[in-house]
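All of the numbers you see were taken from the coordinates with simple rules; none came from a lab. Since this is a predicted model, take the numbers as computed values, not measurements. Cβ: placed from backbone, ideal geometry, glycine included. Neighbour counts: every protein chain shown.
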Amino acid sequence: MRRRIRKLSSQIFLAQLALLTVLTVAGFALIAQSLRAHLDDDYEARAAEVALTFAQIPTIRSCMDVGAPSCAAVEQSLSLSTAKRVGASYIVLIDMNRVRHSHPDASLIGQKVSEPIIARDSKVHLRTDNGSTGLNANARVPLYGTSGALVGEVSVGIRESSVSSEILAELPSYALWFAVVLGIGALGSLGLASFLKRKTFGLELDEIARLLQEREATLHGIREGVIAIDPAGRISVVNDEAQRLLRLPGNASGHRLEDVLAPGPLRDVLVGTTVVTDEVAITDDHCLVINRMPVLLGGRPHGAVVTLRDRTDIEGLTRELDGERSFTESMRAQQHEFSNRMHAIAGLLELGRPAEVLEYLNEIRGTGADFDQSLRDHIGAPQIVGLMLGKAAEASEHGIELALASDTVLGEIPDRVQAITTVLGNLIDNAFDAIAGSQTPRRVEVSIVESAQSVTITVKDSGPGVPSTARWQIFQNGYTTKHGTLVRHSGLGLSLVHRTVTKLGGTVSVSDGPGATFTVLLPRARVLQRVESE
């Protein structure tokens, strides 16, 4: 069984060596063919020179012109001696009747050649002739007599074996150069193979293929968004979850993040170069937890990896849990307060002071009962009533007065009740945080006004207010100026309010000066649809 070569460097080296060998052999063959053609031309030219020189010999011209019988021996002798001296295989004299006057084969003298006299045009004719003496480089030139008339032609041939011998004599030097080139190419191939081996971290082809398959399966199988950024800041890897969470186009890979993301705090977090750990960012549809870690290879920066976790559902559950916790704390506080009141009433009864018991009961009924009744008179939605009762208990526990404005009007089934709950809860939490460190009296007033066109929510606190320079920064992710003991979800509440309101086509604003007043306008869904259709 043949052993398969697994090493990537060996495969690259052998493949390139085979390619270089084939190219070298082909090049050597082309050089040999070119050299052969060149030598053929050279030998034909040499044969022409011999023929022209021989045609100028006066004895030959005179003999061919007169045609005396005594000239036959002279013509044959000069042809043979000259051919031997110059290395030609033959010198043949042919008259105008196509009769040979000289030839290496004496038996052919006096016989006619089969071909016509081609030198009648007074030109030199070169060719490769496969005659009775073998393959020769042949030249045929006109022969003029002493009178100047054309009396025949001279045909000179140089054997091709001489050409082959000369080629064989010259080819070793070419072969040496080709061997040197092949050796240099082999060394270059070995160096390239080693370089590619280092670039692939020593992994073999099957290992690279397996890693690619595993990477694709892992990236597109996990529920976290993953984005890999190369050193130039371009997206090199992005999985399906990241495309969904960030609404990236299908061709995002290869582009810079700032080119495929809209300007905003989210893009600022993703595009930066610093380490980001559990940074929370809110989009129109999701609450994301972002981590970005730089990648170092060999001690050098090699881009960064960004992971995105969708915490939208968790954030919703957290807020529901906060509501339940707030309700539980409210019940605990009321139970504790109820026990204290029962002890106080029992003590007064034991002392025999019924008048003071009645006065105390009237006082209790006038505080909590008045707020509960006010909520039920102005707000019909049970979700909002429950939210306000929980916030009232929380406010009472921390020494904050939570009041409902007299202009509050909200029906039993209001439009966008979920958005109202989110906005109202976050604005009240923000107000509690803002006045947590303030001196008494600490007061928060809430107004909810429902009309045929919109729902207006106003939350006013007695805190220090929002600086004019920070009026728009407070709606960004993570921005906060609060340091009180009630601070929760720092830097997220107002951002969530802003995105919720903006997504529904509403507006949110904040007043200047001490005592911040946040005003939210939420248009009704049918009103917004009518405006868009128009």
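What to note about this one:
- L190 paired with R300, simple spin-label distance in nm, labels 7 Å along Cα-to-beta-carbon: 2.6 nm
- By average C-beta atoms within 10 angstrom, highest first, the peptides 43-51, 112-120: 43-51, 112-120
- Nonlocal amide H pairs with E401, under 5 Å, H built at 1.01 Å: R442, R443, V444
- Length released on extending from L361 to V86, taking residue separation times 0.36 nm less the Cα-Cα span: 84.3 nm
- When peptides 348-354, 232-238 are ranked by their average number of other Cβ atoms within 10 Å per residue, the highest-first order is 232-238, 348-354.
- In this label model, K112 and N251 are separated by 8.2 nm, measuring between points 7 Å along each Cα→Cβ vector.
- Highest mean packing first, where packing is the average number of other Cβ atoms within 10 Å per residue, the peptides 498-510, 428-440 line up as 428-440, 498-510.
- FRET efficiency for the F338 to D377 pair, using the beta carbon distance and R₀ = 35 Å, is estimated at 0.90.
- Amide H contacts of S438 (H built 1.01 Å from N, under 5 Å, at least 5 apart or other chain): none
- Gain upon complete extension [L349, M96; 0.36 nm per residue less C-alpha separation]: 74.6 nm
- Backbone HN-Hα couplings from phi across segment 416-429 [Karplus 6.51/-1.76/1.60, Hz, Gly and Pro as x]: 6, 5, 5, 5, 4, 4, 5, 5, 5, x, 5, 5, 5, 4
- Estimated inter-spin distance, V237 and Q213, nm [label 7 Å along Cα→Cβ]: 1.7 nm
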